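**Q** Handing you this structure, nothing more for now.
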Amino acid sequence: MRRTLTTAIVVCATSLACLAPSSAIAAPQLSSSADGPQANANSPAETEPLQLSEAEQAELVGIMSARGISLSDQQQLLTKISSGKLVDADNPEALPIREDEIEANGKLVRTLTFQDGSVAIATSESSSPEISPRASGISQCRSYNYNSGWVRHDNCLVMYDGISFKYSFRASYSTTRHGGVNALIRSVSNPYVWRSVGHVVSNKYVSIINRSQNGTSPARAQMVAEFQVLKVFSTVSLDLNLYVRDGRAWVSY
């Protein structure tokens, strides 16, 4: 779910000159800490479009090229990002216009294409009709059988890896080997923002919403990351959810 409060957003000029590396002005250093510069309501910088640094542009172009996004769509997406807006692939309220699925190395890889040309790629253990993960997944678990009914999964990395944003947390949980016991989330920790182009982190936290599975209702943990849009008086809140039920776990954004 995304919650956005916007007071003033100014769209970048129709010319892409403001994005050209030769004229780019380095944006403030983006940090994964909770502290960062805050927008000043009286500052004239508010009325200016965000100008991405050469390093930020190169990072975004690399991400978009790896997802097969065309050069023309890349330019439009860079303009959209510079105006302080979320590309559709990073916006949980946007719906894809195309979905493709393939099996690779025992996992389901889902590619979602959106109206603005952005692309999200999600990897999961199996298809889930009630959850549509995008650009997210679970990895790095230490998994082993525990007692007679559970499989423990320790220190798993739960990740969202989009275009402008990449963030994660660690979770330890137990899935079930057979009926008679409930899956559960034992602990969560280390909420971390790896990438937030055009935004600074104002807050981040992770908590367990439902510790244990209850019937068909899964155990659930959630990370929330709050961002301030640079040069635009706007805030964006994004979340990342881990669900555990019976013998499996999955992620939604």
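**Q** Distance between Cα centroids, the stretch 138-210 to the stretch 238-253: provide it in whole Å.
**A** Between the Cα centre of the stretch 138-210 and that of the stretch 238-253, the gap is 8 Å.
**Q** Could you compute the FRET efficiency for residue 70 and residue 109, with r as their C-beta to C-beta distance and R0 at 25 Å, rounded to 0.05?
**A** For R0 = 25 Å, the calculated efficiency reads 0.75.
**Q** Protein chains only, probe 1.4 Å: how do 153, 178, 199 rank by accessible area, largest first?
**A** So, going from the largest accessible area down, we get 178, 153, 199.
**Q** Where does each of 208, 97, 163 land when they are ordered by accessible area, with a 1.4 Å probe and the largest first? Walk me through the numbers before you get to the answer.
**A** Details: 208 45, 97 105, 163 0 Å².
Correct descending sequence by accessible area is 97, 208, 163.
**Q** Through the Karplus equation 6.51 cos²θ - 1.76 cosθ + 1.60, θ set to phi - 60°, convert the phi angles of the stretch 163-175 into ³J(HN,Hα) values in whole Hz; use x for Gly and Pro.
**A** Running phi through 6.51 cos²θ - 1.76 cosθ + 1.60 with θ = phi - 60° gives 8, 7, 10, 8, 8, 7, 8, 9, 9, 10, 8, 10, 9 Hz.
**Q** Something else: For residue 118, list long-range residues whose amide hydrogen, built 1.01 Å from N in the peptide plane, is under 5 Å from its own amide hydrogen.
**A** Counting only residues 5 or more places away or on other chains, the set is 88, 89.
**Q** For the ranges 216-222, 237-243, what's the packing order if you count other beta-carbon atoms within 10 Å of each residue, average per peptide, and put the highest first? Write out the running numbers ahead of the final one.
**A** On the way: 216-222: 18.0, 237-243: 22.0.
Ranked by mean Cβ neighbours within 10 Å, highest first: 237-243, 216-222.
**Q** If you rank 250, 150 by how much accessible surface each has, with a 1.4 Å probe, what is the order from largest down?
**A** 150, 250
**Q** Calculate how large, on average over all directions, the projected area of the Cα convex hull of the stretch 187-253 is; give the answer in nm² to one decimal.
**A** Approximately 5.1 nm², given one-decimal rounding.
**Q** Project the alpha carbons of the stretch 131-218 onto their principal axes and report the range along each, largest first, in whole Å.
**A** 49, 25, 22
The values are calculated or read from the model by the stated rules, or taken from the named source; none is laboratory data. As the structure is a prediction and not an experimental result, all values here were calculated from the model. Cβ: placed from backbone, ideal geometry, glycine included. Neighbour counts: every protein chain shown. These area figures cover heavy atoms from the full protein model, side chains too; ligands, DNA and RNA do not enter into them. Shrake-Rupley method; radii C 1.70, N 1.55, O 1.52, S 1.80 Å.
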